[in-house]
1. Report the label-to-label distance for residue 280 and residue 234 in nanometres (one decimal), using points 7 Å from each Cα along the Cα→Cβ vector.
2. Using the count of nearby Cβ atoms within 10 Å as a rough guide to exposure, how do 265, 4, 207 rank from fewest to most?
3. In angstroms, what radius of gyration and Dmax does region 287-353 have, counting Cα atoms only?
4. Please compute the modelled spin-label separation between residue 252 and residue 320, points set 7 Å along Cα→Cβ, answer in nm with one decimal.
5. At a Förster radius of 30 Å, what calculated FRET efficiency corresponds to the Cβ-Cβ distance of residue 218 and residue 335, to the nearest 0.05?
6. Shape call for region 92-136 from the C-alpha gyration tensor, a ≥ b ≥ c root eigenvalues: rounded (a/c under 1.5), prolate (a/b greater than b/c) or oblate?
7. Scaled to the compact-protein estimate 2.2 N^0.38 Å, what is the alpha-carbon radius of gyration of region 213-348, rounded to two decimal places?
8. Show log10 I(q)/I(0) for region 162-293 at q = 0.21 Å⁻¹, two decimals, from a solvent-free Debye sum over equal Cα scatterers.
Ligand code: NAP
Ligand code: ZN
């Protein structure tokens with residue numbers, strides 16, 4: 001008998017999120033049942049709830065920065081036990097056969113990973129529902145351990161904002177002596193600053209928001225450039241080895257490309273739409289520069305990032321909200337008014353709507 005779950009869902013692309021009841025599957029032998037405590041609010045939740053990437057499935061229960069306690073395990077699960085503090089990020093399954101899965105890069109599974117919400121389970125073909133809810137049932141391969149050294153509230157955003165910034169910084173071998181810039185100080189951006197600093201880089205923030213400068217320095221920026229000021233942009237021409245671009249909507253890449261040094265790379269993590277306006281190829285040719293992209297990170301890499309955070313005392317700066325305030329939180333994120341990740345206290349689901 002499937003479990004009836006309380007949560008919050010987007011009924012359609014144009015309707016605010018509201019209280020919603022739905023069913024979770026009975027645990028399979030490899031499943032972990034998790035009572036959710038906290039769930040971070042990612043800008044991807046807004047894109048998908050509003051069908052900005054197309055193909056959204058409704059009703060949609062968003063949420064892929066999930067922290068909770070194990071309340072039951074299937075017969076084959078050896079890695080987790082009742083009471084463990086665990087996390088679930090953006091993926092809940094993948095083919096487990098292809099070369100990418102074999103390398104621990106499940107997010108690049110050739111068949112496509114199964115996303116935590118707004119997708120179909122690859123075994124029973126039923127829709128997946130995310131962490132804006134009281135409980136989730138997930139295969140143990142896609143569950144990670146949360147150290148008791150981490151504050152579980154502040155750890156929730158590590159499951160997406162954390163790994164999405166950690167993975168490209170590691171892949172492009174950022175370390176001591178690297179000159180790194182991060183574009184946009186939101187959920188991803190603030191983790192990008194913290195990680196780049198912890199890896200030993202000299203770190204710059206590009207922001208459109210003059211009011212964020214002091215906080216950016218507290219979060220790890222050595223320098224702050226107001227991207228709307230052409231003089232400040234010109235002053236950093238050919239400066240950076242690596243730029244992490246977290247901007248969630250189309251924007252002109254050309255001024256940023258000119259700030260890359262010889263062989264520098266700009267990595268897109270925020271933009272899923274076509275790049276507009278057009279990229280001036282001269283900016284990439286004359287300087288042997290690259291534009292690349294990166295998606296979240298694999299499960300083993302996510303555990304490595306969480307363990308690094310526990311060891312180095314790194315977590316997100318969070319603003320806790322009740323689930324009843326989720327629509328207001330979305331509006332604030334769209335105005336870049338988030339310091340620096342909203343996290344839903346799932347206990348609030350029990351309050352009257
Ligand atoms: P967020 O918290 O809303 O932060 C985005 C920041 O970008 C804003 O705070 C703002 O910073 C800046 N910004 C917003 N609009 C801008 C514009 N039009 N031009 C220039 N800068 C702008 O969003 P997030 O949760 O960090 O997510 C960022 C993007 O990454 C989203 O599109 C999300 O879907 C995507 N994402 C991708 C992956 C992946 O695997 N690749 C994973 C997670 C999320 P300032 O005020 O400092 O300018
Ligand atoms: Zn996300």
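1. Simple spin-label model gives 1.3 nm for this pair.
2. Values: 265 17, 4 10, 207 23.
Ranking 265, 4, 207 by Cβ neighbours within 10 Å, fewest first, gives 4, 265, 207.
3. 17.0, 59
4. 4.4 nm
5. Working: r = 21 Å, r/R0 = 0.71.
For R0 = 30 Å, the calculated efficiency reads 0.90.
6. Working: a/c = 2.94, a/b = 1.98, b/c = 1.48.
Verdict is prolate for region 92-136.
7. On the way: Rg = 17.8 Å, N = 136, 2.2 N^0.38 = 14.2 Å.
Dividing the Cα radius of gyration by 2.2 N^0.38 Å gives 1.25.
8. So the normalised log intensities work out to -1.32.
Values in this text are rule-based calculations from the coordinates and carry no lab data. No experiment lies behind these values; they were computed from the predicted model shown. All Cβ positions, glycine included, derive from the backbone under ideal geometry; neighbour counts span all protein chains shown.
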